[in-house]
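Working notes for the structure below.
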Amino acid sequence: MIQINGLNKSLFGGGHTVNILNGIDLVIPSGQFVAITGASGSGKTTLLSLIAGLDEPTEGNIKINHQDITKLNEDELAELRSQHFGFIFQNFNLIPTLTALENVALSAELNGTNGSKKKSMELLDLTGLVNRNHHYPSQLSGGEQQRLCLARAFINEPSIVLADEPTGNLDSQNSKRILDLITDLHRNKKSTIALVTHEPDVAKRAERIIVMDDGKIIEDSMPTM
């Protein structure tokens with residue numbers, strides 16, 4: 001479960017204060033698929049970064065499974081991320097000198113996951129990349145690289161997956177395939193998913209849609225599937 005209370009984020013510079021988030025209160029139950037949407041600059045990605053412990057709030061707290069992560073130091077946050085989080089980035093962030101299989105397996109090995117190669121191959125098979133396992137990221141298309149990111153994100157069976165514009169650089173066909181995979185993985189792995197997007201059609205894939213504007217939540221709905 002993700003619990004957020006009174007969350008504010010401000011930046012100071014040039015004699016001015018810029019408020020990025022303004023009093024966010026939010027609860028995301030375990031296993032829910034949530035889309036966070038809104039215009040550029042509404043605070044979506046900042047909220048995701050704070051949930052991941054990659055940034056510090058100005059005020060408020062964030063609890064992951066009842067643990068207040070705003071009180072953790074960097075080593076504790078790194079441990080939390082390795083044990084509980086999976087990440088899907090718009091810009092992939094794959095290691096160019098490692099093959100597809102090695103990119104997925106490395107995350108498992110660093111986390112001490114048993115049978116990392118076997119599990120990696122199973123996820124590559126699930127994401128349609130098993131025959132590309134010896135290829136490097138530069139040898140894969142954009143859609144294939146994003147599918148590789150999905151395999152990497154789910155290798156450690158994280159309880160929470162954070163996705164930042166995972167279809168932002170893809171065409172409509174590849175976007176649909178990525179969303180189908182995220183939906184299937186969510187259904188099979190029971191992970192909590194928080195997906196940031198500015199695309200309404202992408203947001204509609206989620207069980208719950210949160211709309212942000214000017215650093216605030218202005219709408220919170222459960223769309224009809």
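Since every read-out is calculated from the coordinates, none of them should be taken as a lab result. Computed from a predicted model, the values in this text were never measured in an experiment. Backbone-built Cβ (ideal geometry, glycine too); neighbour counts: all protein chains shown.
Which part of the range 1-17 falls in the paramagnetic zone of Gln67, meaning amide N under 17 Å from the point 7 Å along Cα-to-beta-carbon?
Output list for this probe position: 1-4.
Identify, among Asn156, Ile24, Asn5, the residue whose Cα sits farthest towards the positive end of the charge dipole of the range 2-221, taking +1 on the Cβ of Lys and Arg and -1 on the Cβ of Asp and Glu, with the dipole about the Cα centre.
Asn156
What ranking of Ser191, Ser116 emerges when the number of other C-beta atoms within 10 Å of each C-beta is taken as an exposure proxy, fewest first? Walk me through the numbers on the way to the answer.
Details: Ser191 23, Ser116 20.
With the sparsest Cβ surroundings first, the list reads Ser116, Ser191.
How would the range 1-72 be classified by its alpha-carbon gyration tensor: rounded, prolate or oblate, with rounded meaning a/c under 1.5 and the a/b versus b/c comparison settling the rest? Let's see the in-between values first.
Details: a/c = 2.40, a/b = 1.44, b/c = 1.66.
Oblate shape, in that a/c is at least 1.5 and b/c is the bigger or equal ratio.
Report the number of Lys pairs in the range 119-225 whose alpha-carbons are under 24 Å apart, with separation of 8 or more residues or on distinct chains. Walk me through the numbers before you get to the answer.
Details: Lys119/Lys189; Lys119/Lys190; Lys176/Lys189; Lys176/Lys190; Lys176/Lys204; Lys189/Lys204; Lys190/Lys204; Lys204/Lys216.
Count of close lysine pairs: 8.
Using +1 at the C-beta of Lys and Arg and -1 at the C-beta of Asp and Glu, which of Phe33, Ser141, Leu129 has the Cα lying farthest in the positive direction of the dipole of the chain?
The listed residue farthest towards the positive side: Leu129.
About its Cα centre, how strong a charge dipole does the chain have in debye, to the nearest 20, once Lys and Arg get +1 and Asp and Glu get -1 at the Cβ? Mind showing how you got there, number by number?
On the way: 20 positive and 27 negative charges, 127 e Å.
I would put it at about 600 debye.
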